[in-house]
Amino acid sequence: MTDATDYDPVECPVSDCTYRDAIRPVAAHVGRSDDEGHEWDRLGYGGARDFVETEKRRQRQAGGQASAATTTDSSSTNAASTTSTATTSETADESEATDEPEPPFELGFEREALVLLKLVSEYDLSSLDALGTGQLADLYSLLADLKNSAEDARKEVRDALLDELHEDGTLSADLGSVERRTYEYRRTRDESDVRRALVDAGVNPESVRSFDEGKLRDAIEETDLDEDAVFDVDERAQIRISDSNDDRRREQFERLDAEIRSLVEDDG
């Protein structure tokens with residue numbers, strides 16, 4: 001099943017972006033964009049894979065509902081039968097969407113990684129100045145795709161870890177260690193609410209013009225201004241690397257197939 005033939009083109013989920021294409025190219029477009037508006041967290045998705053599966057599910061459900069409506073309109077002489085068929089069809093579609101097995105986890109960058117390693121073994125990387133513009137373009141496109149795909153995969157693994165690690169702390173593994181930490185995320189409330197709270201606390205709103213977050217923090221410390229009146233505060237957990245086990249990683253590298261190892265110059 002391919003996006004180009006079985007699913008309708010979609011628009012970028014960023015409201016002021018005009019990019020439109022098949023589902024997966026749109027997901028790739030969001031991943032390649034550097035501005036904050038195209039961050040998956042801001043858009044309410046867990047990553048490119050979540051967006052793709054969500055959009056496919058939405059179109060399947062929409063298609064089932066449209067089919068049921070068409071059947072009802074074209075069968076006025078047998079309304080009871082048509083209604084029963086439409087209900088059965090909708091129920092089947094909903095069951096399919098609900099009971100659909102979770103798609104397998106995919107790194108998504110294996111091919112690009114191997115091609116990149118092959119180019120590294122062929123190019124003279126002692127200086128980028130020695131490479132032609134075409135070679136540089138090839139390297140950049142591969143590195144960019146690797147970065148985006150790896151970031152999507154990293155977020156999926158992060159979410160799985162957060163589901164398993166419910167307390168802050170460090171988890172040591174063979175190839176490295178990660179730690180779970182909880183932090184507070186503050187987002188400035190609506191401008192009218194902030195202005196009213198500042199006035200009630202005896203703070204001149206002009207003194208924190210544009211409601212700079214740092215100035216608002218200073219106002220909270222120096223006055224009776226309630227933090228909750230100017231900030232929406234959420235607790236969020238994060239996973240980050242705390243240590244890398246280079247010795248164990250080298251052991252894993254030595255176990256790789258000799259042909260794959262030969263793609264990497266390792267003098268160490």
**Report entry** Pairs from Lys56/Lys155; Lys56/Lys118; Lys118/Lys147 whose Cα-Cα separation, in the structure shown, is over 28 Å
**Finding:** Lys56/Lys118
Requested in this report: Scan around Phe231 for amide H atoms under 5 Å from its own, H built in the peptide plane at 1.01 Å from N, and keep only partners 5 or more places away or cross-chain.
Outcome: Arg189
Report task. Subtracting the Cα-Cα distance from 0.36 nm times the residue separation, let me have the gained length for Asp16 to Glu259 in nm, one decimal. Result -> 82.7 nm
Query raised in the report: Among Glu156, Glu254, Glu227, which comes first, then next, by fewest other beta-carbon atoms within 10 Å?
Result: Glu254, Glu227, Glu156
Query - Per-pair calculated FRET efficiency, R0 = 30 Å: Asp159 and Glu36 via Cβ, rounded to 0.05 - result: 0.90
Query - Gain on full stretching of the segment that runs from Arg60 to Arg249 - 0.36 nm per residue minus C-alpha separation - result: 63.7 nm
Report summary line: The alpha-carbon pair-distance distribution computed for the range 105-164, with 10 angstrom bins and whole-percent values, is 21, 41, 23, 12, 3
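Read-outs: derived from the displayed coordinates by stated rules, not from any lab. All values derive from a computational prediction rather than experimental measurement. Virtual Cβ from ideal backbone geometry, glycine too; neighbours counted across all protein chains shown.
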